[in-house]
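Notes to accompany the following structure.
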Amino acid sequence: MIPVARRGTFAALIISVALMPLQPAFAASPEPVKAEHGMVVTAQHLASDVGVEVLKKGGNAVDAAVAVGYALAVVYPTAGNIGGGGFMTIRLKDGKTTFLDFRERAPMASTKTMYLDDKGEIVKGASTAGYLAVGVPGSVMGFETAREKYGTLSREDLLAPAIRFAKDGFVLDQGDVASLQNGAKKLSKDKAAAAIFLKPDGKTFSIGETLVQPELAASLSSISEKGPDAFYKGAIADDIVKASAATGGILAKADFEQYTVRELKPVTCNYRGYEIASSPPPSSGGVIICEILNVLEGYPLSYLGYGSAETVHAMVEAMRHAYVDRNSALGDPDFVENPVEKLTDKAYAKEIREKINPFKAGVSKELMPKGMGESTETTHYSIVDNDGNAVAVTYTLNGSFGAGVVAPGTGILLNNEMDDFTSKPGSPNLYGLVQGEANAIAPKKTPLSSMSPTIISKDGKPFMVIGSPGGARIITITLEAIINVIDHGMSIQEAIDAPRIHHQWLPDKVYMEPFALSSDTLKLLTEMGHDVQIDASWPIWGQAAGILVGGKNLAEIEEGGGARYNGAMDSRAASGAARGY
Ligand code: DON
């Protein structure tokens, strides 16, 4: 930390703030949704209702997570899916934590250079659109594995709401329509996708109209009846492979037949007495959140204040160092050795702090590892049940509506997750991430992710469930929600709604959401050498979904008497909702 005596005139301000008790920031957010028995927070209100119904029926948080996962595949097609993949972090009522990796795998016919032309240049769009971009989907196997191992209700029970929404349709609200409008151009390029998500005249649906998906209803019904074999060994896989082969894709039936889910140990770390459990490789999320938190633990953020130049400087420098590690050292654990212990070690964080100049921005290029020259949509939901079981799920098609293709007859939108691999070391992907060899493409390998479904405990009890979409920014979005609650005293809703900042090593820029920093802070950061850029693009700043246990904020939790469950859906999410009972 900066020695107080060296801070000049700024020191007076810091000292006076330091003498004040922790002031919660009042960010003008609504109150979180409060409930005593269970809470479900998702990006689509109908899916949140499904989760609460499952809990009321006696299902546990895992049952609710499975039913919500299937429901979002129908009512939130931009990211909810059975044609993509994701991660589920589980904390059972006895305190045991576990993690299911049901992310996509590269097809067996994939190669390291499959997105490069003869000259070694990236073929634009090859890893993001059409069947060559599709990884072998994992959602169906993931949901069934979760249900069989940790759920209590039948598959039929958990699929029924999704089948109903697909068969009978659901009424589109403003957020649903905006999402379909955003995807219209992409979806219009694929006949089967256009037939579902656009009207026969090619126009987009309007608010109040009903979206019916009979083919998806049939696919979901056959999964309900026959289990994952219907997807991985039956007609669904056949239809996807046929459509892929017809348009230059490389998916084979054997890719589906050999798909398995991995159960892994979450990455854990302790931040100021709070136990964080988050996603391990093949996600970078948990490791990098822990690495950044470990660095930040050495700075008194609550006294430096939310949005102050010193707080933001410390955050940016911690992010800069951690994202170099993300982009160069991490990959699928079945293929590369991940230095998880080193990156999450407090001693390593201290080394990083020693490299951070308190008065000056670092220079990303100086951190370049040897041999390396980085519209969007995912969704996160958080659930807790009456017994205290907690589940955090982030799953995705990668880009909004994935690769924009639906295999005829299936109603299933397919992912473009292959773009998360390193197509070419040093060249940025969809999220501007510049990545290296550890994340190179190989058959059956899983691309490195940033998805960070996270569960935090305190004194052996669940404290917070949190996560978000946002591509490379998922990590910093999740991190900022955590420090806003723990360091800045915000309520869970304020912590999620507060404007965000982001740095990912390259490009060497501090991105800020509009209004995230005052002009005073901006001036100070610029004087330190930071290149701050306002980024108003949507939806890259994510849509976090969080639950805080025991109160809406730390003060209420410490006083006692707060609501048991406090749910918050990001105000950035147009159709999401926190629902409790
Ligand atoms: O796994 C990942 O890191 C990305 N495929 C996530 C994509 C995403 O969050 C897009 N949403 N805004």
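The values are calculated or read from the model by the stated rules, or taken from the named source; none is laboratory data. Please read these numbers as outputs of a predicted model, since none were measured by experiment. Here the Cβ positions follow ideal geometry from the backbone for every residue, glycine too, while neighbour counts run over all protein chains shown. Areas reflect the complete protein model, heavy atoms only, side chains present, ligands, DNA and RNA absent. Shrake-Rupley method; radii C 1.70, N 1.55, O 1.52, S 1.80 Å.
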Restricting attention to the range 26-33, does a residue exist that is in contact with a Phe, Trp or Tyr (Cβ under 8 Å, 6 or more places away or on another chain), of a type outside the set (Gly, Ala, Ser) and modelled with pLDDT of 95 or more? no
Could you go through the range 346-359 and let me know if any residue there is of a type in the set (S, T, N, Q) and either open to solvent by 10 Å² or more (accessible area, probe 1.4 Å) or in a loop (DSSP other than H, G, I, E, B) (or both). yes
Please identify the pairs in which a residue from the range 529-550 that is over 16 Å from Ser571 (Cα atoms) has its Cβ atom under 6 Å from the Cβ atom of a residue that is away from the ligand (no atom under 11 Å from the Cβ) and assigned to a loop (DSSP other than H, G, I, E, B), counting only partners at least 6 apart or on another chain. Gly529/Lys360; Gly529/Ala361; His530/Ala361; Asp531/Lys509; Gln533/Lys509; Ile534/Pro514; Gly550/Gly562
How many of the residues in the range 383-401 are in contact with a Gly (Cβ under 6 Å, 6 or more places away or on another chain) and either within 14 Å of the ligand (Cβ to nearest atom) or among the polar types (S, T, N, Q) (or both)? 7
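Residue by residue, here is whether (1) within 17 Å of Lys342 (Cβ to Cβ); (2) touching a His at 6+ places or on another chain (Cβ under 7 Å); (3) modelled with pLDDT of 95 or more holds:
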| position | (1), (2), (3) |
| --- | --- |
| Ala277 | no, no, yes |
| Pro280 | yes, no, yes |
| Ile292 | yes, no, yes |
| Gly298 | no, no, yes |
| Ser302 | no, yes, yes |
| Gly305 | no, no, yes |
| His313 | no, no, yes |
| Glu317 | no, no, yes |
Among the residues that make up the range 415-427, is at least one of them assigned to a helix (DSSP H, G or I), of a type in the set (S, T, N, Q) and away from the ligand (no atom under 16 Å from the Cβ)? no
Of the residues in the range 503-533, how many are modelled with pLDDT of 95 or more, aliphatic (A, V, I, L, M) and touching an Asp or Glu at 6+ places or on another chain (Cβ under 8 Å)? 2
Collect the residues in the range 435-462 that are over 18 Å from Asn327 (Cβ atoms) and open to solvent by 10 Å² or more (accessible area, probe 1.4 Å), keeping them in residue-number order. Pro443, Lys444, Ser457, Lys458, Asp459, Gly460, Lys461, Pro462
Quick check on my filter: what residues within the range 380-403 are over 27 Å from Ala192 (Cα atoms) and of a type in the set (Ser, Thr, Tyr)? Tyr381, Ser382
Confirm whether Val295 is buried (at least 24 other Cβ atoms within 10 Å of the Cβ), outside any strand (DSSP E or B) and within 16 Å of the ligand (Cβ to nearest atom). no
For the range 432-473, name all the residues that are near the ligand (Cβ under 9 Å from one of its atoms) and part of a strand (DSSP E or B). Ser449
If a residue has to be more than 18 Å from Gly95 (Cα to Cα), among the polar types (S, T, N, Q) and within 16 Å of the ligand (Cβ to nearest atom) to count, how many in the range 252-284 make the cut? 2
